1. For the stretch B:8-36, enumerate the residues that are in contact with a Leu (Cβ under 7 Å, 6 or more places away or on another chain), under 13 Å from B:L100 (Cβ atoms) and either among the small types (G, A, S) or open to solvent by less than 50 Å² (accessible area, probe 1.4 Å) (or both).
2. Does at least one position in the stretch B:43-65 carry a residue that is more than 12 Å from the chain's Cα centre (by Cα) and open to solvent by less than 30 Å² (accessible area, probe 1.4 Å)?
3. Tell me, which helices (runs of 4 or more DSSP H) lie completely within the stretch A:70-180 with 3 or more residues that are open to solvent by 20 Å² or more (accessible area, probe 1.4 Å)?
4. A:E131 passes all but one of (1) more than 16 Å from the chain's Cα centre (by Cα); (2) within 14 Å of chain B (Cβ to nearest Cβ); which number fails?
5. Please work out which residue is nearest to the chain's Cα centre (by Cα), limiting yourself to the stretch A:273-284 and to residues that are in contact (Cβ under 8 Å) with a residue 60 or more places away in the chain and open to solvent by 10 Å² or more (accessible area, probe 1.4 Å).
6. What strands (runs of 3 or more DSSP E), lying completely within chain B, carry at least 2 residues that are away from the ligand (no atom under 12 Å from the Cβ) and acidic (D, E)?
7. Among the residues of the stretch A:322-333, is there at least one that is under 23 Å from A:T38 (Cα atoms), open to solvent by 10 Å² or more (accessible area, probe 1.4 Å) and among the β-branched types (V, I, T)?
8. Restricting to the stretch A:48-69, and then to whatever is open to solvent by 50 Å² or more (accessible area, probe 1.4 Å) and not β-branched (V, I, T), can you tell me which residue is farthest from the other protein chains (Cβ to nearest Cβ)?
Amino acid sequence: MSSAAAPRMAAGRDYSLVGAEARRAEERGLASATWYTTPIPRKQLKELMRRKDGPAIRDTALWIGALILFGSAGVLLWGHWVAVPFFIAYGVLYGSASDSRWHECGHGTAFKTGWMNDAVYNLACFMIMREPTVWRWSHTRHHTDTIIVGRDPEISVKRPPDILGLLLNLFAIKTTWFALGKLVLHARGRLNAEEATFIPEMERHKVFRTARIYLAILAAVVIACMALHSWIPAMLIGLPTLYGGWLTIVFGVTQHAGLSEDVLDHRLNSRTVYMNPVSRFLYWNMNYHVEHHMFPMVPYHALPALHEAIKAECPPAYPSLLAAYREIIPAVLRQRRDPDYHVIRVLPATATALPADRLATAA
Amino acid sequence: MSEWIEACAADDIEEEDVIRFDHGGVTLAIYRLENDRFFATGGLCTHENVHLADGLVMGKTIECPKHNGRFDIPTGQAKGAPACINLKTYPVKVEAGRVLVDLA
Ligand code: FES
């Protein structure tokens with residue numbers, strides 16, 4: 001990989017979906033554009049896209065079983081320090097493993113059976129405090145306009161980066177604060193201006209109804225804590241979003257941070273990072289992120305095979321989480337004073353490059 | 001008034017698959033489902049105009065390759081966000097191993 005500093009951009013960019021960059025992205029043909037896709041023979045792609053219930057049923061049974069096991073142990077040992085590791089494990093399964101579950105089930109690819117995707121999607125959305133309808137539509141836009149400034153609502157590390165916000169989000173503090181504000185707004189039957197750009201009119205009633213249900217559940221947890229004079233209900237429902245959310249950030253930042261913006265090629269704005277089997281269980285193979293963006297209909301359990309099929313056309317995968325952070329941390333720190341700086345991923349010499357007219361750069 | 005157009009040979013489409021067919025400025029998706037049942041719908045997803053022929057046929061459902069929006073193939077009915085607008089469907093018949101679509 002190499003790095004680049006383009007002409008200086010003094011104050012950073014306008015990431016709002018209703019600002020000047022949004023108009024500019026449309027003018028430059030970056031909105032709803034055609035993206036590079038590595039050609040795969042149809043027969044092979046169909047095999048990769050094939051849906052199964054088995055892997056996700058097994059993984060979900062393990063996940064829910066482990067939640068019950070660690071949660072019960074934490075409750076039984078409440079008041080002793082030995083409860084701490086059990087709550088740490090419970091928190092990670094609740095506040096971090098839910099990230100990949102809402103994601104894969106939101107795409108409808110984790111299970112073959114529709115209602116199973118919907119059930120796990122709704123459960124995981126609540127765990128990570130992401131309203132299901134809002135995030136379904138924001139993620140749809142993220143896939144249409146991945147890391148296109150002014151279009152993508154899910155750019156988590158902007159330029160210049162909000163380092164304090166990132167650190168607060170290790171315990172989901174900033175994200176949850178905003179999520180609660182939005183719940184109140186939605187429960188009152190309103191959306192903000194950005195949400196109105198990607199949530200169609202016919203879906204909005206679902207947003208308002210779900211926000212009211214979320215608030216009712218959170219209120220019930222508070223009432224239960226007061227009635228029982230105990231933190232235990234909140235330690236099991238609600239607070240794990242915060243104390244268990246750190247792995248969401250550790251994994252999630254690797255997806256796109258520090259890479260190019262405004263390029264119509266996922267090989268240049270996304271990372272594939274090799275991870276150990278435990279991390280891949282927790283993250284449901286979202287570490288194969290280039291592959292996921294290029295072929296979102298391939299289920300998580302087939303992403304390693306998809307990676308093998310297209311890797312000759314992609315920049316090399318990062319050998320570990322550590323290797324990815326060796327690139328990300330210096331890049332993000334430098335972007336504080338030089339918002340134009342970004343890492344440029346180099347395609348293999350044999351790869352098909354993106355035509356120059358589709359390789360727009362943030363000028 | 002019917003306007004039957006020859007789209008392809010029946011054998012051009014594998015079972016549980018879809019191909020693209022363009023005719024006179026119209027793009028269609030031609031499907032072959034189990035038991036040699038053939039169907040045709042508009043070829044572009046009603047969400048963001050992506051070719052459904054690159055998607056996945058599962059039973060009698062087509063899944064769009066871009067955001068996994070799903071449609072019922074025989075009726076064209078959108079089955080949930082982000083696919084919210086139904087697909088147009090076209091009558092299909094197979095004669096002498098050729099698939100014909102009524103574009104009228
Ligand atoms: S383009 Fe088909 S679901 Fe979005």
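The values are calculated or read from the model by the stated rules, or taken from the named source; none is laboratory data. No experiment lies behind these values; they were computed from the predicted model shown. Positions of Cβ are backbone-derived with ideal geometry, glycine not excepted, and every protein chain shown enters the neighbour counts. In case anyone asks, the SASA skips ligands and DNA or RNA and just uses the protein heavy atoms, side chains included. Shrake-Rupley method; radii C 1.70, N 1.55, O 1.52, S 1.80 Å.
1. Within the stretch B:8-36, the subset in contact with a Leu (Cβ under 7 Å, 6 or more places away or on another chain) is B:16, B:18, B:21, B:23, B:26-27, B:29.
Within this subset, residues satisfying the condition of being under 13 Å from B:L100 (Cβ atoms) are B:21, B:23.
Answer for the stretch B:8-36, where residues must be in contact with a Leu (Cβ under 7 Å, 6 or more places away or on another chain), under 13 Å from B:L100 (Cβ atoms) and either among the small types (G, A, S) or open to solvent by less than 50 Å² (accessible area, probe 1.4 Å) (or both): just B:F21.
2. Pass one, the stretch B:43-65, residues more than 12 Å from the chain's Cα centre (by Cα): B:46-50, B:58-59, B:65.
Checking which are open to solvent by less than 30 Å² (accessible area, probe 1.4 Å) leaves us with B:65.
Yes: the stretch B:43-65 contains one or more residues that are more than 12 Å from the chain's Cα centre (by Cα) and open to solvent by less than 30 Å² (accessible area, probe 1.4 Å).
3. On the way: elements: A:83-95, A:97-107, A:114-127, A:132-144, A:163-168.
Filter on the stretch A:70-180 gives A:83-95, A:114-127, A:132-144, A:163-168.
4. Only one criterion in (1) more than 16 Å from the chain's Cα centre (by Cα); (2) within 14 Å of chain B (Cβ to nearest Cβ) is unmet by A:E131, namely (1).
5. Looking only at the stretch A:273-284, we keep the residues that are in contact (Cβ under 8 Å) with a residue 60 or more places away in the chain, and these are A:281-284.
Within this subset, residues satisfying the condition of being open to solvent by 10 Å² or more (accessible area, probe 1.4 Å) are A:281-282.
Numbers: A:F281: 16, A:L282: 13 Å.
This residue is A:L282.
6. Numbers: elements: B:4-9, B:17-23, B:26-33, B:37-42, B:56-58, B:61-63, B:70-72, B:92-95, B:98-102.
Result: B:17-23.
7. Checked the stretch A:322-333: no residue is under 23 Å from A:T38 (Cα atoms), open to solvent by 10 Å² or more (accessible area, probe 1.4 Å) and among the β-branched types (V, I, T).
8. In the first step, residues of the stretch A:48-69 are kept if they are open to solvent by 50 Å² or more (accessible area, probe 1.4 Å); the result is A:50, A:52, A:57-58, A:61-62, A:64, A:68-69.
Filter once more, keeping what is not β-branched (V, I, T): A:50, A:52, A:58, A:61-62, A:69.
Values: A:R50: 8, A:K52: 11, A:R58: 21, A:A61: 23, A:L62: 25, A:L69: 33 Å.
Filtering first and then ranking leaves A:L69.
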